[in-house]
Amino acid sequence: MRRPRTQGPPRHLGRSLKGKPAPDGIETRFEVKTRDSELPPEAFARLPRRPIHIVLDNLRSAFNVGSIFRLADAARAAEVIPCGYTAYPPHHKLEQTSLGTTDSVPWRRFDDVPAALTDLKANGVQLVAVETARGAAPFHQFRYQFPVAVVFGNEALGVSEAALKMCDGTVEIPVFGYKNSVNVATAVGIVLYELLRRGEWLDEPCPAAIPPDGISESGT
């Protein structure tokens, strides 16, 4: 025989993320930000971008690439550079995690990483590999110079030897668990926000509306 359901404590109605009662009963009383910038796309495109280039060396997961595009959008990084067989837009798996940020993040593709790094070096960009290599400096102690390109490698094989030889330095993320590394998209987020901190961009206000005198050029 089924036992009668006991009546729990009354639920205090808050506001769900969509402004309606949440189907699972989990609601929030906190005001949340809207999903996207209030700037029109053409105005957002004129905002200054941080001088940070994200180079992807033969990543195998399109989902990771999409997550990296979303991180690059959050940081307003200069560009994402997929190389080799790294997925690039348009790609249905990539779009599932990028959530449309391939439209707001500049990107360009190279057939191989050395070609991308040669182009960046010719334009005075510092090249830094993120890899668990012997002699790598902790990422939070390295002396970065802007503009900077950070190179992230294949999920299993890491940054290619050809790319490592071309870089001005190599950094690693300290880990204290059984595995010797973190997911590549996670690594991008960690290093990217350290670079934002170094550039003193973290305390800048988020863009919401066009200032009266137009788009500010600060932060470049």
From ALA137, ALA133, ALA162, grab the single residue that is of a type in the set (A, V, I, L, M, F, W, C), at pLDDT below 95, surrounded by fewer than 21 Cβ atoms within 10 Å (Cβ to Cβ) and out of contact with any Cys (no Cβ under 6 Å at 6 or more places or on another chain). ALA133
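Could you pull out the residue among ASN183, ASN154 that is polar (S, T, N, Q), in contact (Cβ under 8 Å) with a residue 60 or more places away in the chain and surrounded by fewer than 15 Cβ atoms within 10 Å (Cβ to Cβ)?
Working: ASN154 fails: surrounded by fewer than 15 Cβ atoms within 10 Å (Cβ to Cβ).
The conditions single out ASN183.
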Do we have ALA74 as surrounded by fewer than 21 Cβ atoms within 10 Å (Cβ to Cβ), within 16 Å of the chain's Cα centre (by Cα) and not in a strand (DSSP E or B) here? yes
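Could you please find all residues in region 92-113 being in a helix (DSSP H, G or I) and surrounded by 14 or more Cβ atoms within 10 Å (Cβ to Cβ)?
Hits for region 92-113 are LYS93, LEU94, GLU95, THR97, SER98, THR101, THR102, VAL113.
Right, ALA75: modelled with pLDDT of 95 or more, aliphatic (A, V, I, L, M) and touching a Cys at 6+ places or on another chain (Cβ under 9 Å) or not?
Details: modelled with pLDDT of 95 or more: yes; aliphatic (A, V, I, L, M): yes; touching a Cys at 6+ places or on another chain (Cβ under 9 Å): no.
It is false that ALA75 is modelled with pLDDT of 95 or more, aliphatic (A, V, I, L, M) and touching a Cys at 6+ places or on another chain (Cβ under 9 Å).
Mind listing whichever residues of region 186-200 are part of a loop (DSSP other than H, G, I, E, B) and either buried (at least 20 other Cβ atoms within 10 Å of the Cβ) or touching a strand residue (DSSP E or B) at 6+ places or on another chain (Cβ under 8 Å) (or both)?
Taking region 186-200 and keeping what is part of a loop (DSSP other than H, G, I, E, B), we get 199-200.
Matches in region 186-200: GLY199 only.
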Within region 160-177, the count of residues that are in contact with a Ser or Thr (Cβ under 8 Å, 6 or more places away or on another chain) and either in contact (Cβ under 8 Å) with a residue 40 or more places away in the chain or in a loop (DSSP other than H, G, I, E, B) (or both) comes to 4
Exactly one of these conditions fails for GLY135: (1) at positive phi; (2) assigned to a helix (DSSP H, G or I). Give me its number. (2)
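The values are calculated or read from the model by the stated rules, or taken from the named source; none is laboratory data. Just so it is clear, the model here is predicted, and its values are computed rather than measured. FYI the Cβ positions are ideal-geometry reconstructions off the backbone, even for glycines, and counts take in every protein chain you see.
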